[in-house]
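Heads up, the thing below is written out as structure tokens.
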Amino acid sequence: MGQKVNPIAFRTGVMTGWKSRWYASKAEFGELLVEDQKIRNFIKNHPQKTQYRNAGIDRIEIERTRDEVKIVLFVARPGLIIGKKGQEVELLQEELQNLIGRRVNLKIEEIHRPEVYAQLVAEDIAQQLAKRSSFRRTMKRSVEQTMEAGAKGIKIQLSGRLGGAEMSRREKQIAGSLPLSTLRAKIDYGFAEAKTAQGHIGVQVWVNQGTYEGDVSDGADAEAGKAPKKPKRTYKR
């Protein structure tokens, strides 16, 4: 009872695709998996360029062919990564090529509504908590912004020494509907850690973005094809 399944892992391969799309033999698989993780960590936690952390990177998708590695970044503020005349992108591409020793093709996709993406909401809350803002006010503001952006529902859960208390505890806020077991519900999940003076605070966010495309028509067809109810029995007077 009370055990949660990661909503992204639950839907991967059924409703959504994988974030790493490639095939490898058993001998090479482990090495390439570690390489993928190395790429993601390098971009998210770049040793010199701290602006990447403020760019709002939601996810990094990796595709492999025989000749090159294609990396797609989904970013809320792409200008911080692209730089003037695309110079920053070329530098990052070179750094990644040196890191893994393969040819890299880097692409950047813009996210238009960052308030609806759970990972970005979680990172935003973590940044505010690290600046010593009130956790209740931060949670309330994030819930309001996400619902105003058009989400069907949101749940935020914080865990740790909230407000500098001696004992760690959990606090959560929920708004709208959040069906965690319904596969066709588009539930996004994000996790971040706020590094405060008292210790780390874990931030978990679930966002209901609606339903996957194509489900509306399927539902209408199912409704139309339903067997008719038995007519009500009439009684003679």
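Summary of computed values
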{"item": "The stretch 14-58, residues that are in a strand (DSSP E or B) and either of a type in the set (Ser, Thr, Tyr) or surrounded by 18 or more Cβ atoms within 10 Å (Cβ to Cβ) (or both)", "result": "16, 20, 57, 58"}
{"item": "Residues (closer than 16 Å to residue 206 by Cβ and outside any helix (DSSP H, G or I)) located in the stretch 105-130", "result": "117"}
{"item": "Some residue of the stretch 74-93 being of a type in the set (Val, Ile, Thr), in contact with a Ser or Thr (Cβ under 7 Å, 6 or more places away or on another chain), closer than 17 Å to residue 56 by Cβ and surrounded by 16 or more Cβ atoms within 10 Å (Cβ to Cβ)", "result": "no"}
{"item": "Scope the stretch 164-185; condition modelled with pLDDT under 90, within 21 Å of residue 137 (Cβ to Cβ) and part of a loop (DSSP other than H, G, I, E, B); matching residues", "result": "165"}
{"item": "Residue within the stretch 151-163 that is in contact with a Lys or Arg (Cβ under 9 Å, 6 or more places away or on another chain) and either part of a helix (DSSP H, G or I) or in the same structural domain as residue 14 (by TED's automatic domain parsing) (or both) present", "result": "yes"}
{"item": "The stretch 78-104, residues that are touching a helix residue (DSSP H, G or I) at 6+ places or on another chain (Cβ under 7 Å) and of a type in the set (D, E, K, R)", "result": "88, 103"}
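Residue-wise test of (1) among the charged types (D, E, K, R); (2) more than 30 Å from residue 185 (Cβ to Cβ).
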site: 7; (1), (2): no, no
site: 14; (1), (2): no, no
site: 49; (1), (2): yes, yes
site: 57; (1), (2): no, no
site: 74; (1), (2): no, no
site: 86; (1), (2): no, yes
site: 96; (1), (2): no, yes
site: 103; (1), (2): yes, yes
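The values are calculated or read from the model by the stated rules, or taken from the named source; none is laboratory data. All figures in this text were calculated on a predicted structure; none of them were measured in a lab. Using ideal geometry, Cβ is built from the backbone for each residue, glycine included, and neighbour counts are taken over all protein chains shown.
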